[in-house]
1. Looking at the stretch 31-51, which of the residues that are over 16 Å from Val71 (Cβ atoms) and surrounded by fewer than 10 Cβ atoms within 10 Å (Cβ to Cβ) is modelled with the lowest pLDDT?
2. Are any residues in the stretch 10-25 exposed (fewer than 15 other Cβ atoms within 10 Å of the Cβ) and under 14 Å from Glu62 (Cα atoms), and if so, which ones?
3. Considering the stretch 52-65 alone, what residues qualify as being farther than 15 Å from Thr19 by Cα and surrounded by 10 or more Cβ atoms within 10 Å (Cβ to Cβ)?
Amino acid sequence: MPSPEETNGFHARWAAALTELELDVAEAEASLNADHLATRTTPWQAPTDLGPLPAELRTRAETLLARQMEVARQVTEAARLSRRHARAVQAMRANGPARPVYVDMAG
């Protein structure tokens, strides 16, 4: 059984890791909702010193996972929509330049 110091250390490291992931998810959510790119400059790296997840952080971790899954679903949908729009634009370009159309309203 881990000592109280180890338990507190596990808890603090897990809480910090979850906070970092929550900030990343919030940034991704904001990016999806505001049509701007996320600004993270360094890729996330999994901490190697976490130890077992403290039981009292389980609900927080599960909630975070659900948010991550929802953001992943939204990103997938946005990518699908973007590809669809790109194909439509490409199809319009394939028909050549637009020609002006004039309608004689006077007679």
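The values are calculated or read from the model by the stated rules, or taken from the named source; none is laboratory data. Model, not experiment: these values are computed from the prediction. Backbone-built Cβ (ideal geometry, glycine too); neighbour counts: all protein chains shown.
1. Thr41
2. Once the filter is applied, which keeps residues that are exposed (fewer than 15 other Cβ atoms within 10 Å of the Cβ) and under 14 Å from Glu62 (Cα atoms), the stretch 10-25 yields Ala15, Thr19.
3. Answer for the stretch 52-65, where residues must be farther than 15 Å from Thr19 by Cα and surrounded by 10 or more Cβ atoms within 10 Å (Cβ to Cβ): just Pro52.
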